[in-house]
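The structure under discussion appears below in the form of C-alpha cells.
Here, each number is a calculation from the coordinates, and none is a lab measurement. Keep in mind the model is a prediction, meaning the values are calculated, not measured. When we count neighbours, we look across all protein chains shown, and the Cβ atoms used for this are built from the backbone with ideal geometry, even at glycine.
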Amino acid sequence: MDSVSINELSFLPPYIIPFLIFFARIIDVSMGTIRIILVSRGNRALATLLAFGEILIWLIAISQIMSNLTSWENFIAYAAGFATGTYVGMSIERRLAIGKLMVRIIIPREAADLIVYLIAQNYRLTYIEAEGALGPKTVIFTIVRKNHLKDLLKKVKEYSPEAFYTVEDVRMARDPELDQAHYFSRHHLLHPFQWFRKGK
C-alpha cells in the first residue's frame, strides 16, 4: 500500500500554509529562547520538556517547507516567524522573570537607613564601608529574584538618586540557613516512612 504524504492529507488552502509556518516558528523559537535560559539556570526538567515541544513543532514547519520548495511565501514566513519568535521569547522571559540576580549598590555616603529598610523588607544583604576617589562609600550586595529587581531599584533611587549599581545573572545561589530549614521540613514530612529505610 502506497504511503500518503502530508500534503495529500492536507485539506487546507495553499495560502494558509505560510501563516501556519509563521505561527509555528514563533511558538518553537519562543520555546527555544526560554529553554536556553532554563538550561543556563540549571532547570533540567522543564528545559527537557520544552526541547521536546520545540523540535516537534520545528519538524512540522520544516516538513511543509521541504514539500513546497518552490513557494517563496513559505520561506518568507519561516524567516519572519524565526525573527518574531526571538522577540516574543525574550518578551516572555522578561515577563516571567526567571532566575536570580546579584545586585551591587554603591551609595556615595553612609546608608544606614537604607540598609535597615531593606532588611525590614526581608532582603538578605551584605554591606561594607568603602573609600572611593571622592570620599566614603557604602557598598551593598544582595541577591534577588528578577521579579523583585524593579522594586529594589526604585527604593534605592528614592533613597539616593546618585547611587551606582550593577546587576548580574546568578546561575546558582546557596543559603545555608534556608537549606537547613528545607532539610528539617523534608525530614519531618518523611518521618512516618523512616522505618522503611535500609537497616531499620
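Among L125, L56, rank each residue by its count of other Cβ atoms within 10 Å, from fewest to most, as a rough exposure measure. Before the final figure, lay out each step's value.
Values: L125 16, L56 11.
Ordered by Cβ neighbours within 10 Å, fewest first: L56, L125.
Could you calculate the FRET efficiency of R104 with I16 from 1/(1 + (r/R0)^6), where r is the beta carbon distance between them and R0 is 41 Å, rounded to 0.05?
Details: r = 52 Å, r/R0 = 1.27.
Approximately 0.20, to the nearest 0.05.
Using all alpha carbons of the stretch 19-165, what is the percent of pairwise distances in each 5 Å bin, ordered from the shortest bin to the longest?
2, 9, 14, 14, 10, 9, 8, 8, 7, 6, 5, 4, 2, 1
Most exposed first by the Cβ proxy, i.e. fewest other Cβ within 10 Å, how do Y87, Y78 rank? Walk me through the numbers on the way to the answer.
Details: Y87 13, Y78 18.
The fewest-first ordering by Cβ neighbours comes to Y87, Y78.
When T48, T33 are ordered from fewest to most other Cβ atoms inside 10 Å of their Cβ, what list results?
T48, T33
Stretch D151-L96 to full length: gain in nm at 0.36 nm per residue minus the Cα-Cα span? Before the final figure, lay out each step's value.
Working: separation 55, 0.36 × 55 = 19.80 nm, distance 1.55 nm.
Gain on extension, D151 to L96, equals 18.2 nm.
In the stretch 6-96, what is the volume of the convex hull around the alpha carbon atoms, normalised per residue and reported in Å³? Provide the component values of the computation, followed by the final result.
On the way: hull volume 8.4 nm³, N = 91.
It is 92 Å³ per residue.
Tell me, what is the FRET efficiency for F52 and F75 to the nearest 0.05, using R0 = 25 angstrom and their Cβ-Cβ distance as r?
Values: r = 26 Å, r/R0 = 1.05.
Efficiency, from the Cβ-Cβ distance: 0.45.
With 10 Å bins from zero, work out the P(r) of the stretch 60-107 over every alpha carbon pair and list the percent per bin.
Percent of Cα pairs in each bin: 21, 29, 22, 15, 8, 5, 0.
Amide H to amide H, which residues 5 or more places from G99 or on other chains are under 5 Å from it, using H placed in the peptide plane?
For G99, whose amide H was placed from the backbone, the distant partners under 5 Å are K146.
Work out how much length S63 to I36 would gain on full extension: take 0.36 nm times their residue separation and subtract the Cα-Cα distance, in nm to one decimal. Don't skip to the end; give the middle numbers.
Values: separation 27, 0.36 × 27 = 9.72 nm, distance 2.41 nm.
Gain in length upon complete extension: 7.3 nm.
If the chain between N122 and D169 were fully stretched, how many nm would it gain, using 0.36 nm times the residue separation less the Cα-Cα distance? Don't jump to the answer; show the numbers that get you there.
Working: separation 47, 0.36 × 47 = 16.92 nm, distance 2.03 nm.
Roughly 14.9 nm would be gained on extension.
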